[in-house]
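Reviewing the structure listed below.
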Ligand SMILES: [Fe+2]
């Protein structure tokens, strides 16, 4: 297991890093979104950032349990993440970007799950699979703000 866990190191680190980036994007909307959807966006993002904070802790502690090192700075988070940060964007663009980011990390979680299964790391596999469900759900909820009625 020790040798195999090395193969899983990079992907779990990226999953932690991308979850952190999404956490920040979720907070940015929670704090700054304005307009008719304010209350819905504000409430939804609160539930999501609370879930993400708990998940970051579980994923990072799994890294430690497997003898891996976690990111220790925001710089390392960004270096370990292939997720684009959003800088200048309208509220609507930020909302769409957050939905896209949740779809992106869902795919990453699927590849982490596959990789973990290949090396017999059942617990990491289970964690990664659970992240697929959460991020697909978050994406669906965010995308629902854009459906025409
Ligand atoms: Fe809040």
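What to note about this one:
- When each of 13, 75, 64 is tested for being in a helix (DSSP H, G or I), within 21 Å of residue 129 (Cβ to Cβ) and over 13 Å from the mean Cα position of the chain (by Cα), the lone residue that passes is 64.
- Restricted to region 18-32, and to residues there that are more than 15 Å from residue 51 (Cα to Cα) and touching a residue at least 24 places away in the same chain (Cβ under 8 Å), the residue that is surrounded by the fewest Cβ atoms within 10 Å (Cβ to Cβ) is 32.
- Of the candidates 51, 85, 61, 79, the single residue that is under 19 Å from residue 109 (Cβ atoms) and away from the ligand (no atom under 16 Å from the Cβ) is 61.
- Unmet requirement for residue 87, which otherwise passes all of (1) farther than 24 Å from residue 40 by Cβ; (2) free of Cβ contacts under 8 Å to residues at least 60 places away in the same chain; (3) not in a loop (DSSP other than H, G, I, E, B): (3)
- Selected residue (criterion: farthest from the ligand (Cβ to nearest atom)) from residues of region 33-48 that are surrounded by fewer than 17 Cβ atoms within 10 Å (Cβ to Cβ) and touching a residue at least 60 places away in the same chain (Cβ under 8 Å): 37
- The single condition among (1) more than 20 Å from residue 24 (Cβ to Cβ); (2) at pLDDT 95 or above; (3) surrounded by fewer than 16 Cβ atoms within 10 Å (Cβ to Cβ) that residue 148 does not meet is (2).
The values are calculated or read from the model by the stated rules, or taken from the named source; none is laboratory data. The shown structure was predicted, so the numbers you read here are calculated from the model rather than taken from an experiment. With ideal geometry, Cβ positions are generated from the backbone for all residues, glycine too; neighbour counts draw on all protein chains shown.
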